[in-house]
Amino acid sequence: MKPKQIPGVPLQKKGGFHDTESIKQYSDQEKTIEEYAVLKERFLSVNQWKSYCGDSFADFRLHDSFGNYVERLPQVGDFIRIDIPGPGGFEAKGCDWVKIIEISNQYLNKDELENLLIICIPSTIPKNEKSHHIAHFYSPEGTSIFIISRSRNHIKAAIYGRNESPNWNANFLDKIRNFSVAVGGMVGISKIQWKRLSDQFLDF
C-alpha cells in the first residue's frame, strides 16, 4: 500500500508511514459548519487530547518555545511533550518531544471547503543545554501531520506519519528503547493509537 498524497503532507521517501483518517457524515450543510467549529476547538486543545481518549492513551502537553507549559492555542515554534504508554525516553525523563513547525489552513484538498493543519517533527528537549540529542523514538526526518477538514456534508480528522525510522541520535539506553518503540510503530501499533485519537476528535 502506498501513502496517500495529501496537500501539505511531506512526500514519503524512506522508513515507515501511516494514513489515519476518521469521518463523520451529515445531511445538512449548516450542521456540518456547526460541528466543524466544535471539532476545531477540540483539535486546538492539545492539553485535552488525552481526556478524549482515556487513561491508557498518551498524554500531550503544550509548551512554548522556552519549554514552559502553557494553556493556550498552539503556535509555530511551540513544543509538545508526549508521555506515551510504556517505556519512555531515559534522557527525557520518560517523555518524547516534538516541535510545531507549521500551522496552516492553505492546503485544501479536493472537495474541502475548510481545513487546518499542524505539522510536528521530533525535537530536542527545549532549552536543555546539557544535551543535543533528539528526544523522540523517531529520527528528525520523521513528520507527524494533524489535519481537520470540512466538506459540504462531512467533517474529517486525520493524522499522517511520514519518513518514520528509529532515532539513533541518543544515548545507549535510549537507542535500544527508540528502536523497539519505533519498529512497533512502523508495523502498525502506533496507528492503533492514532486511530483512537482521530475517532475521538469526532466523538462529541
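What to note about this one:
- Subset of LYS14/LYS99; LYS4/LYS127; LYS2/LYS127; LYS40/LYS99 violating a 31 Å alpha-carbon distance limit: LYS4/LYS127; LYS2/LYS127
- Those aspartates and glutamates that a straight Cα-Cα span of less than 20 Å connects to LYS50, excepting residues fewer than 8 apart in one chain: GLU21, GLU41, ASP59, ASP64, GLU71, ASP78, ASP83, ASP96, ASP199, ASP203
- Stokes-Einstein diffusion for segment 119-168 at 37 °C, viscosity 0.692 mPa s, with a Kirkwood radius from C-alpha pairs, works out to 258 µm²/s.
- Note on LYS13 and ILE101: with the Förster distance fixed at 22 Å, the Cβ-Cβ geometry gives a FRET efficiency of about 0.80.
- Filtered trypsin sites (Lys or Arg not before Pro), segment 12-58: DSSP coil and at most 13 other beta carbons within 10 Å: LYS13, LYS14
- Shape of segment 1-70 from the C-alpha gyration tensor: oblate (a/c of 1.5 or more and a/b not above b/c, with a ≥ b ≥ c the square roots of its eigenvalues).
- Directionally averaged projected area (convex hull, Cα atoms, segment 1-119), nm²: 9.7 nm²
- Of the GluC sites (Glu not before Pro) found in segment 1-83, the ones in coil according to DSSP and having at most 16 other Cβ atoms within 10 Å of their Cβ are GLU71.
Just so you know, all these numbers are worked out from the coordinates, no wet-lab data involved. This one's a predicted model, so the numbers in the text were calculated from it and none came from an experiment. Neighbour counts are summed over all protein chains in view; Cβ atoms, including those assigned to glycine, are modelled from backbone coordinates with ideal geometry.
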